[in-house]
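Each reported figure results from applying straightforward, stated rules to the coordinates on display, with no laboratory input. Quick caveat, the model's predicted, so the values are computed rather than measured. All Cβ positions, even for glycine, are placed from backbone atoms using ideal geometry, and neighbour counts span all protein chains on display.
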Amino acid sequence: MTKIAVILGSTRPGRNGAAVAEWVLDIAKQRSDAEFELVDLADYPLPLLDEVIPPSLGQYQNDHTKAWASKIAEFDGYVFVTPEYNHSTTGALKNSLDYLYAEWNNKAAGFVGYGAAGGHRAVEHLRLIASELQIATVRAQVALSLLSDFENYSVFKPGAHHQATVETMLDQLVSWSKALQPLRAGT
């Protein structure tokens, strides 16, 4: 069965992302074409990249890196849930991506962004990073506005129309994750 991680990309206290990630996971778990699991970066405290050897060589020395690599290797694809901070993604999410290399290769990713501008700029940065990590990104993305999808900028109340976008993104993600399986099998 295809396995997809919904990665909660914020570790900030009082973060809005937990509600967003749970919402995505609830929608995803109604599907029968893949298994979905929430992966919270807060559960994998990674210091600022502290491996001596570049990740592309796969010679991890620290236990926290080995645990992170083991978790990420379990999946065929990812949904990255990210806020937009200063026109980009979070430092925690960027750092978690930089820790690994082969574990990300030949997999697919979809995106759920949120912020004043719907998280679009954070997602655009993530697409560039994903490309370098050999992650195929799907076109459909979910853009949630702090102005219209959050009450008082903090209580998540998504518009009903977003569910169809999540489903389209998941359709594409599951399809691409399955299509990339032969490439992963050859590694």
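Worth pointing out:
- Put in line by how crowded their Cβ is, counting other Cβ atoms within 10 Å and starting with the fewest, PHE156, PHE80 read PHE156, PHE80.
- Fraction of beta bridges assigned by DSSP in the range 100-187 that are antiparallel (%, nearest 5): 20
- For the chain, built as a Gaussian network whose Cα springs stay under 10 Å, the top-fluctuating residue of ILE135, ILE27, ILE72: ILE27
- The chain - charge dipole about Cα centre, Lys and Arg +1 at Cβ, Asp and Glu -1, debye rounded to 20: 260
- For the chain, DSSP calls about 10 percent of its internal beta bridges antiparallel.
- Distance in nm between pseudo-label sites at ASP33 and GLU167 (7 Å out along the Cβ direction from Cα): 1.2
- Residue with peak Gaussian network fluctuation, the chain [Cα springs, cutoff 10 Å], from LEU41, LEU147, LEU173: LEU147
- When each of TYR60, TYR78 is scored by the number of other beta-carbon atoms lying within 10 Å, the sequence from fewest to most is TYR60, TYR78.
- Relative to the longest principal axis of the Cα atoms of the chain, the long axis of helix 162-179 makes an angle of roughly 20 degrees.
- Values of log10 I(q)/I(0), in the order q = 0.18 Å⁻¹, for the range 1-111 under a Debye, Cα-only, solvent-free model: -0.92
- Alpha carbon centroid spacing (whole Å) that separates the range 148-179 from the range 64-107: 19
- In the chain, helices alone account for a calculated mean residue ellipticity at 222 nm of -11000 deg cm²/dmol, with every DSSP H run of four or more residues adding -39,500 (n - 2.57).
- The distance between label points at HIS64 and LEU128 comes to 2.6 nm (points 7 Å beyond Cα on the Cα→Cβ vector).
- In percent, rounded to a whole number, the relative contact order of the range 3-185 is 23, using alpha-carbon pairs under 8 Å and six or more apart.
- Calculated FRET value between ALA185 and ASP50, using beta carbons and R₀ = 41 Å, to 0.05: 0.80
- Helix 63-73 and the longest principal axis of the C-alpha atoms of the chain enclose an angle of approximately 70°.
- Amide H to amide H, with H built 1.01 Å from N, LYS3 comes under 5 Å of GLU35, ASP76, GLY77, counting only residues 5 or more places away or on other chains.
- Close amide H pairs (under 5 Å, H built 1.01 Å from N) link LEU38 with VAL6, residues at least 5 positions away or on another chain.
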